[in-house]
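Chemist: Please find one structure pasted underneath; my questions will follow.
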Amino acid sequence: MRGRLPAARQALPWILILYAAATLLHFAHNGEYLLQYPNLPASWSRGDVYAAWFCLTALGVVGYALYQRGHRASGLTLLAAYAGLGFGGLLHYTRASMAHHSAIMNVTIWAEAAAAALLLVNLAALRPGTPGSMPPD
């Protein structure tokens, strides 16, 4: 168990980059092909999609900054919320089945969800109370 914490700490920035890239890929595809995504609200614009990505990513940046500055519990909480929002892309399947989405749509949706899951697993290893972790804020 002792070796997991340093490895999780070292992996965190790389997993965050991977997750941010996966969310950008998904949101960019949404923004550029908004009209092709089945049953999305007609009121959504390309700018709305990119603004949502920016806000989502800002949450992750703030969480990581807090974590790096020693506010471990609050930083990990924000990072967990950031990661949890990565499963929101799966809501596309409440509007239409996988078969009604193109292959690239499905790839971007699942890549984002997989990266979110990876981030959550990494964060679980860093949470306060994990053997070898730092005490909470």
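Chemist: Would you mind stating whether R69 is among the charged types (D, E, K, R), exposed (fewer than 14 other Cβ atoms within 10 Å of the Cβ) and either under 27 Å from L126 (Cα atoms) or touching a helix residue (DSSP H, G or I) at 6+ places or on another chain (Cβ under 6 Å) (or both)?
Modeler: Against the criterion (among the charged types (D, E, K, R), exposed (fewer than 14 other Cβ atoms within 10 Å of the Cβ) and either under 27 Å from L126 (Cα atoms) or touching a helix residue (DSSP H, G or I) at 6+ places or on another chain (Cβ under 6 Å) (or both)), R69 qualifies.
Chemist: Just checking, which of L16, L24, L90, L40 is within 23 Å of A125 (Cβ to Cβ) and of a type in the set (A, V, I, L, M, F, W, C)? Before you say what the answer is, go through the steps one by one.
Modeler: On the way: L24 fails: within 23 Å of A125 (Cβ to Cβ); L90 fails: within 23 Å of A125 (Cβ to Cβ); L40 fails: within 23 Å of A125 (Cβ to Cβ).
The match here is L16.
Matching residues to (1) assigned to a helix (DSSP H, G or I); (2) out of contact with any helix residue (DSSP H, G or I) (no Cβ under 6 Å at 6 or more places or on another chain); (3) under 22 Å from A117 (Cα atoms); (4) of a type outside the set (A, V, I, L, M, F, W, C):
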| position | (1), (2), (3), (4) |
| --- | --- |
| N39 | no, no, no, yes |
| G63 | yes, no, yes, yes |
| A83 | yes, no, yes, no |
| G88 | yes, yes, yes, yes |
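Chemist: May I ask you to list the residues in the range 72-106 that are surrounded by 15 or more Cβ atoms within 10 Å (Cβ to Cβ) and within 19 Å of W14 (Cα to Cα)?
Modeler: The answer is R72, G75, L76, T77, L78, L79, A80, Y82, A83, L85, G86.
Chemist: Additional query: Could you figure out which of (1) modelled with pLDDT under 95; (2) surrounded by 19 or more Cβ atoms within 10 Å (Cβ to Cβ) isn't true of P135?
Modeler: (2)
Chemist: I'm trying to understand the selection: among the residues of the range 41-58, which are surrounded by 15 or more Cβ atoms within 10 Å (Cβ to Cβ) and either modelled with pLDDT of 95 or more or in a helix (DSSP H, G or I) (or both)? Write out each step before concluding.
Modeler: Going through the range 41-58, the residues surrounded by 15 or more Cβ atoms within 10 Å (Cβ to Cβ) turn out to be 44, 49-50, 52-53, 56-57.
Passing the criteria: V49, Y50, A52, W53, L56, T57.
The values are calculated or read from the model by the stated rules, or taken from the named source; none is laboratory data. No experiment lies behind these values; they were computed from the predicted model shown. Glycine also receives a Cβ, built like all others from the backbone with ideal geometry; neighbour counts cover every protein chain displayed.
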